[in-house]
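Report on one structure; see the data block that follows.
The values are calculated or read from the model by the stated rules, or taken from the named source; none is laboratory data. The shown structure was predicted, so the numbers you read here are calculated from the model rather than taken from an experiment. Neighbour counts run over all protein chains shown; Cβ positions are idealised from the backbone, glycine included. Remember, those area values only see protein heavy atoms, side chains included, never the ligands or the DNA or RNA. Shrake-Rupley method; radii C 1.70, N 1.55, O 1.52, S 1.80 Å.
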Amino acid sequence: MIKTPEFARHRRLRNSQAMRDLVRETHLHVDDFIYPMFVVDGENIKREVPSMPGVYQVSIDLLAEEVEELEQLDIKALILFGVPKEKDEQGTGAFVEDGIVQEATRLIKKEFPTMLVLADTCLCEYTSHGHCGVIHNQDVDNDASLKLLAKTAVSQAKAGADIIAPSNMMDGFVAVIRKALDEAGYTEIPIMSYAVKYASSFYGPFRDAADSTPQFGDRKTYQMDPANRLEAIREAKSDVAEGADFLIVKPALAYLDIVREVRNNFDVPIVAYNVSGEYAMVKAAAQNGWIDEQALVMEKLVSMKRAGADLIITYFAKDAARWLKNKK
Ligand code: PBG
């Protein structure tokens, strides 16, 4: 008789790379990634964002080259942020027919018809004050902002955007944008809602890249308090009820508990936004030689999937796609 072991031999399933691959529970795939791009006004511009090495502001005439690179890496989706020269109180640049995201979308859909173009729907890159809506009495006016956001979404859909991704955190934005899209005939265009978006210090480098730092105050009256978990459920619940097709949790790394919470409570695809500050920290440490960048990035990304994310919006998309390819 063989004696029953008195402890479990967990190491049996870890004893070779092949064995570890066999029992691996979570896999990263290039289809998981959405790559963010910053499109600037002007010509012949490809300017590296100082706090985000490897990420560039690119003018429309150089955009095709960048998208070509994504296609070669088999990345199937990108999200566009516009960085206009002219800004005003209303953020007019967000919803004009020849706006920067609209023009970029037209170009990409013409030259790369199978590439999925997501349009970030917000006003902060276009307003002179840098807030995500219009200002009345020193605060963002929710309902007045909704009208402009709906106009923005429709103009983006009209330009050919495949998915509308509103990041403004006004109450009711999904309902109002869904209705406007439907009325304009875009019933088939999904909404990827930034449903659970925290007022986070991790957005610092993005605000440099998108030139969208608020000129006064902060975003705490519309973005969420990092201390709150139940509020995430309330936000996600109302967005799903209003018609959201995807839910974004943002940032990702410090909020993986929230990603899991949202995954467990909702049956739509869940997206983790691996934000600019998370990228900058890794790049800075890597440049100092303090970490193994590739190993660390892949660990972070797989952790987001393990937490329940189906998709990841990440500035590491190109690097990760390359590393996944080379592995084979
Ligand atoms: C626009 C928007 C922001 C980000 C995505 N959309 C900035 C903000 O809310 O200040 C942040 C993305 C990142 O940090 O990578 N509202």
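Overview of results
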quantity	calculated
Gaussian network model of the chain, Cα within-10 Å springs - most flexible of Asp245, Asp182, Asp41	Asp182
At 0.692 mPa s and 37 °C, Stokes diffusion of the stretch 27-327 via Kirkwood alpha-carbon radius, µm² per second	172 µm²/s
Estimated 222 nm signal from helices in the chain, with DSSP H stretches of n ≥ 4 weighted -39500 (n - 2.57), rounded to 500	-11500 deg cm²/dmol
Between helix 293-306 and the chain: long-axis angle, C-alpha atoms, 0 to 90°, nearest 10	80 degrees
Cβ-based charge dipole, the stretch 27-327, positive-most Cα from Ser276, Val55, Pro214	Ser276
Phi-based couplings in Hz for the stretch 221-229 (Karplus 6.51, -1.76, 1.60; Gly and Pro marked x)	7, 10, 8, 7, 6, x, 7, 9, 10
Centre separation in Å (Cα based) which lies between the stretch 13-86 and the stretch 172-194	26 Å
Sulfur and carbon atoms: percent of accessible area, the chain [1.4 Å]	50 percent
Relative contact order of the chain, pairs being alpha-carbon contacts under 8 Å that are 6 or more residues apart, as %	18 percent
Cα centre as origin, Lys/Arg/Asp/Glu Cβ charges: the stretch 27-327 dipole, Debye	640 debye
The stretch 214-231 and the stretch 129-163: distance between their alpha carbon centers, rounded to Å	18 Å
Residue-span extension gain [Glu6 to Ile45] - 0.36 nm each, minus C-alpha spacing	7.4 nm
Rounded to whole Hz, the Karplus (6.51, -1.76, 1.60) HN-Hα couplings of the stretch 156-164, x for glycine and proline	5, 5, 4, 6, x, 4, 8, 9, 9
The stretch 27-327 - accessible surface per residue (Å², probe 1.4 Å)	41 Å²
Angle in degrees between helix 173-183 and the longest Cα principal axis of the chain, rounded to the nearest 10	70 degrees
Shape of the stretch 1-154, Cα gyration tensor, a/c cut at 1.5	prolate
Of Gly204, Ser303, Pro251, farthest towards positive along the dipole that unit charges on Lys, Arg, Asp, Glu beta carbons give the chain	Ser303
Estimated vicinal HN-Hα couplings, Hz - the stretch 144-154 in sequence order (Karplus 6.51, -1.76, 1.60; Gly, Pro = x)	5, 5, 4, 4, 6, 5, 5, 4, 4, 4, 5
Helix 60-72 vs. the chain, principal-axis angle (Cα, 0 to 90°, nearest 10)	20 degrees
